[in-house]
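Input: a single structure, listed below in structure tokens.
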Amino acid sequence: MRSYILGIESSCDDTSAAVLCNDQLLSNIIAGQDVHMGFGGVVPELASRAHQQNIIPVIDLALKTAGVTPDQLSAVAFTRGPGLLGSLLVGISFAKGFAMAKGIPIIEVDHLQSHILSHFIQDKEGVRAVPEFPFLCLTVSGGHTQIVEVRNYFDMKIIGRTIDDAAGEAFDKAAKIMGIPYPGGPLVDKYAKSGNPDAFQFSKPNIQGLDYSFSGLKTSFLYFLRDQLKENPRFIDENRDDLCASIQRTIVEVLMDKLIKASKQTGIKQIAIAGGVSANSALRSAVLLLGERKTHKVFIPEFRYTTDNAAMIAMTGYFKYLKGEFASQDVTPYARGGML
Ligand code: KG4
Ligand code: ZN
């Protein structure tokens with residue numbers, strides 16, 4: 001029997017809806033929010049309002065693109081958290097009202113679990129190899145940096161995490177220091193392509209175990225630039241590409257060192273990456289290199305499933321649908337913590 005799941009993502013600044021038929025993705029619509037660009041970060045109140053404006057057109061387009069009518073839907077999956085409460089409320093409230101009107105169940109999804117489970121999405125681009133359990137997933141986004149031991153779809157354990165900034169924040173803050181607009185991560189990646197990754201050296205954090213820290217790196221980058229700008233006020237303009245390549249290399253080395261350490265400690269040789277920063281070309285190359293050496297089996301997500309999207313929400317929703325795990329109508333969002 002065919003099950004049709006509508007997935008809704010509204011945890012931060014992307015309003016997204018996707019439709020899945022069993023494990024096959026039929027549509028995945030994402031509306032970004034330019035309104036934050038001038039502010040150097042996401043403004044929660046503006047994000048909620050933009051979600052409110054976008055949600056109906058985005059869901060309508062997702063259903064039309066999929067060629068699925070509201071009456072065909074089996075369930076509605078939505079992001080419950082973690083994320084911005086005002087943003088989450090828009091998606092959750094829509095899911096509740098819509099599902100009640102159609103007499104179908106709702107399914108709550110943890111945003112971070114869904115980034116990991118995005119590796120299981122199948123779409124019309126062709127059959128994709130999926131990781132086998134157990135595998136390690138480095139989840140790197142604007143809000144999180146975690147090494148997760150994934151034992152099964154919903155049996156996941158965090159074995160390493162950042163004690164301060166997330167990897168995406170490290171990219172965005174370094175970009176901001178250089179005057180690159182928010183979100184700076186993708187632009188740092190772009191400029192780094194024309195730069196020398198060994199042009200500048202920045203001190204790497206020295207943290208025990210499998211945890212990460214990025215705040216010291218940001219400070220050392222800031223002080224380095226402050227000193228250079230005293231000598232040459234045009235230093236950033238003249239060295240932008242080399243600076244981007246060097247800070248990117250450093251962040252990627254820090255991420256990879258702990259990931260390899262985690263693999264040694266657990267003996268798990270299957271490695272995946274997920275989340276917005278898994279779109280980074282240097283991180284993707286570093287993980288692919290590990291795969292080429294045949295020491296590890298590696299999985300990098302398709303670009304379109306790296307940053308926030310509802311395809312991953314619908315996918316996770318489908319796995320819960322198969323287990324009959326539905327949420328009640330009085331479910332509320334959570335800003336932090338969650339299933340992991
Ligand atoms: O997963 P995501 O879309 O949202 C959160 O859940 O946070 O991740 C967004 C983060 C931002 O910090 C953004 O700068 C970063 O992912 N990002 C990148 C790249 N693409 C997105 N960072 C480095 N290189 C990229 N290509
Ligand atoms: Zn995310």
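The values are calculated or read from the model by the stated rules, or taken from the named source; none is laboratory data. What you see is a predicted model; the values in this text were computed from it and never measured. Cβ placement follows ideal geometry from the backbone for every residue including glycine, while neighbour counts extend to all protein chains displayed. Remember, those area values only see protein heavy atoms, side chains included, never the ligands or the DNA or RNA. Shrake-Rupley method; radii C 1.70, N 1.55, O 1.52, S 1.80 Å.
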**Asked** Rounded to the nearest whole Å², what accessible area per residue is found for the chain with the 1.4 Å probe?
**Response** 44 Å²
**Message:** How large is the Rg to Rh ratio of region 135-304 when both quantities use alpha carbon positions and Rh follows Kirkwood?
**Reply:** 0.99
**Request:** Tell me the trypsin sites (Lys or Arg not before Pro) within region 187-224 that lie in a loop according to DSSP and have at most 16 other beta-carbon atoms within 10 Å.
**Result:** 193
**Complete:** Ordering 325, 238 by the accessible surface of their heavy atoms, 1.4 Å probe, largest first, yields 238, 325
**Prompt:** Roughly how many nanometres apart are two label points built 7 Å out from the Cα toward the Cβ at residue 3 and residue 161?
**Reply:** 2.9 nm
**Message:** Could you work out the relative contact order of the chain? I mean the mean sequence separation of Cα pairs under 8 Å and 6+ apart, divided by the number of residues, in percent.
**Reply:** 24 percent
**Item:** Computed log₁₀ I(q)/I(0) - Debye formula, equal Cα scatterers, no solvent, the chain, q 0.06, 0.08, 0.09, 0.15 Å⁻¹
**Value:** -0.22, -0.38, -0.48, -1.23
**Prompt:** Based solely on its DSSP helices, what 222 nm [θ] is calculated for the chain when runs of n ≥ 4 H residues each add -39,500 (n - 2.57) and the sum is averaged over all residues, nearest 500 deg cm²/dmol?
**Reply:** -13500 deg cm²/dmol
**Item:** Low-density loop cleavage sites - trypsin sites (Lys or Arg not before Pro) in region 102-158, where at most 13 other Cβ are within 10 Å (DSSP)
**Value:** 124, 128
**Message:** Quick check: with the 1.4 Å probe, what order do 36, 296 take by accessible area, largest first?
**Reply:** 296, 36
**Request:** Give the ranking of 315, 339 by solvent-accessible surface, highest area first, calculated with a 1.4 Å probe.
**Result:** 339, 315
**Sparsely packed GluC sites (Glu not before Pro) within region 99-170, loop by DSSP, other Cβ within 10 Å at most 12** = 125, 132
**Prompt:** Of 64/193; 124/320; 258/294, which sit over 28 Å apart, Cα to Cα?
**Reply:** 64/193
**Asked** Round to a whole number: what % of the accessible area of the chain belongs to carbon and sulfur, probe 1.4 Å?
**Response** 53 percent
**Fill in**
The alpha-carbon center of region 218-277 and that of region 324-340 are separated, in whole Å, by 35 Å
**Prompt:** Taking a quarter of the surface of the Cα convex hull of region 58-102, what do you get in nm²?
**Reply:** 3.4 nm²
**Residues of region 1-30 with amide N under 14 Å of a point placed 7 Å along Cα→Cβ from residue 53** = 14-15
